[in-house]
Ligand code: GAL
């Protein structure tokens, strides 16, 4: 199987999306000059080029791309070639309206934007395959081609008739009989029993609440259909270039596709990441997405897109202050990225993204953005030989699963305030603030590499996942589970007792009487900390080895936290510092050490291979104790016992 290592060859891939079709050809040599001056070694080409490559049905114009590929190759710049299938040309929708997706109200999503394709449309799939075939046949032997990039951020839904037909087939494969489907979906409720497959619809608009099991399956189906589209194109390019790796770029922690499943189908896992520079927790979000992508890749991964400056799709779009793009890029490398790429190379002058930054902004070569890109290129060139291909080691795993997310993120729940992604962020942040490096894992993955496993929230668990958690604790390792875990089975059917009986026994819970979700302005006082978001009326079975009770209020004296040996259950979400302290304690007891002791709060430390990355997320200089003598790969200086980091500063220390 081809790997990212086949492409990197000791260099961190550095560059961005390049959309030269937006520019007169005279600009291209200038682009290459600026790329070379900045150390750019990789660009992604063709993501949105379908109408240029196939201006009329079956009529191809590859001349411009031939010239571009040659030019890039002559400049020593490798090409990540994208199949252009995320934005079909107007003629496709015009001639074949069946290629256009429908929203849940049955409204058509027209061309004029992008991603207006129905994953279920046979016509779309045929045309997507044809342009992919033509592209792959033409460039298979081109020396600039290094990697395939299929489509772009697969993320569309379709509720139309062709999707309905495919949904029914998907359900037939899953359930076999209508009886089984009726049972799984609980259709006895509200007179929803199906007597004919033809009666079944995608999760279209309803008068009142939709059947949650139907919604859950529709989300599974959507992920599977998009994956079928990816696999079909992947197989075409693989046939032409079996030696080249294939990727598609994930959106960061996006709920739409089961990225665990998808990652198994990719040679290289890549992600797009756009933290908000104004968000005080932006770097924590970045760390989460990076840890998750590394875990999906099971090794080095690609940061396919980040903004070199502002985006244009938030309400208010702030640029990155001086130094921040470098810091966040180094953070990605620290957490396992072997590629640091941007959207996009040259800022557009027209179109919907003309206010979105580019590596070469409207200010051009003199602009701060390009000047900082140059500096970043120089830094990455220094790191490449030391870092590329090396691994990040983590003793802690955070469990995450899309199916549980889909089951839990529906209407008519005990609290609309519980947002799965927020809870996941809160736990990952707590680990980060304890300076503990964590992988992510699927609940059925092998957990033996981890001394500590945390489950922020897995509302729906398979039996195999429950067995996996029990086995982890039986091995003598630690498990910390948050509330609303093990509540439902994979069909979103509530487990007897409101929580899986084996998990209740694991934590020492006899009865889970009621959930007491908290209001925004409400906290639950516990012995030694405050809980937020949620609390529970639990009766313990007397087997816990440690109990932290609620104090005062309706739940006074009842357990907020139960611990039985290595297994901990948190029936509330402690405030950030308290969760951090609790997880730090569990980790310390399990023999898991932070990347470095005594770190200032704003400094993130990650070990990758033999290197220690120190990343300073604050603006005031700090000094960090680093016992021993090291060499800072960024400055080349020798560092003994302490290093000072300036505003958004970083050091990469080698022994
Ligand atoms: C990404 C997308 C790019 C570009 C970018 C802007 O989601 O893949 O094509 O639109 O956002 O931030």
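Quick check on the stretch 269-281: of everything there that is assigned to a loop (DSSP other than H, G, I, E, B) and in contact with a strand residue (DSSP E or B) (Cβ under 9 Å, 6 or more places away or on another chain), which residue is farthest from the ligand (Cβ to nearest atom)? It would help to see each step written out before you state the result.
Filtering the stretch 269-281 for residues assigned to a loop (DSSP other than H, G, I, E, B) gives 269, 273-281.
Next cut, in contact with a strand residue (DSSP E or B) (Cβ under 9 Å, 6 or more places away or on another chain) only: 269, 273-274.
Working: 269: 15, 273: 10, 274: 6 Å.
Across the stretch 269-281, the extreme among qualifying residues is 269.
Look at the stretch 53-70: where a residue is on the phi > 0 side of the Ramachandran plot and a partner is surrounded by 15 or more Cβ atoms within 10 Å (Cβ to Cβ), sitting 6+ places away or on another chain with Cβ atoms under 9 Å, you get 58/130. Scanning the stretch 161-197 for residues that are without any contact (Cβ under 8 Å) to a residue 60 or more places away in the chain, part of a loop (DSSP other than H, G, I, E, B) and surrounded by 12 or more Cβ atoms within 10 Å (Cβ to Cβ) returns 187, 192, 193, 194.
Is it the case that the stretch 545-564 has a residue that's assigned by TED's automatic domain parsing to the domain that holds residue 468, at pLDDT 95 or above, under 22 Å from residue 458 (Cβ atoms) and in a loop (DSSP other than H, G, I, E, B)? Within the stretch 545-564, none of the residues are assigned by TED's automatic domain parsing to the domain that holds residue 468, at pLDDT 95 or above, under 22 Å from residue 458 (Cβ atoms) and in a loop (DSSP other than H, G, I, E, B).
Take the conditions touching a helix residue (DSSP H, G or I) at 6+ places or on another chain (Cβ under 9 Å) and either in a strand (DSSP E or B) or within 16 Å of the ligand (Cβ to nearest atom) (or both) and apply them to residue 76. Does it pass? When the stated conditions are applied, residue 76 does not pass them.
Quick one: how many residues across the stretch 282-341 are in a loop (DSSP other than H, G, I, E, B) and within 14 Å of the ligand (Cβ to nearest atom)? Reasoning before the result, please.
The initial filter retains those residues of the stretch 282-341 that are in a loop (DSSP other than H, G, I, E, B), namely 298-300, 306-323, 335-336.
Narrowing the set further to residues that are within 14 Å of the ligand (Cβ to nearest atom) leaves 306-314, 317-320.
Within the stretch 282-341, residues that are in a loop (DSSP other than H, G, I, E, B) and within 14 Å of the ligand (Cβ to nearest atom) number 13.
The single residue among 653, 583 that is over 30 Å from residue 532 (Cα atoms) and touching a strand residue (DSSP E or B) at 6+ places or on another chain (Cβ under 8 Å) turns out to be 653. Scanning the stretch 87-109 for residues that are within 16 Å of the ligand (Cβ to nearest atom) and either outside any helix (DSSP H, G or I) or under 19 Å from residue 360 (Cα atoms) (or both) turns up at least one hit.
The values are calculated or read from the model by the stated rules, or taken from the named source; none is laboratory data. Predicted model only: the values in this text are computed from it and were never measured. Counting neighbours? That spans all protein chains shown, and the Cβs are built from the backbone with ideal geometry, glycine included.
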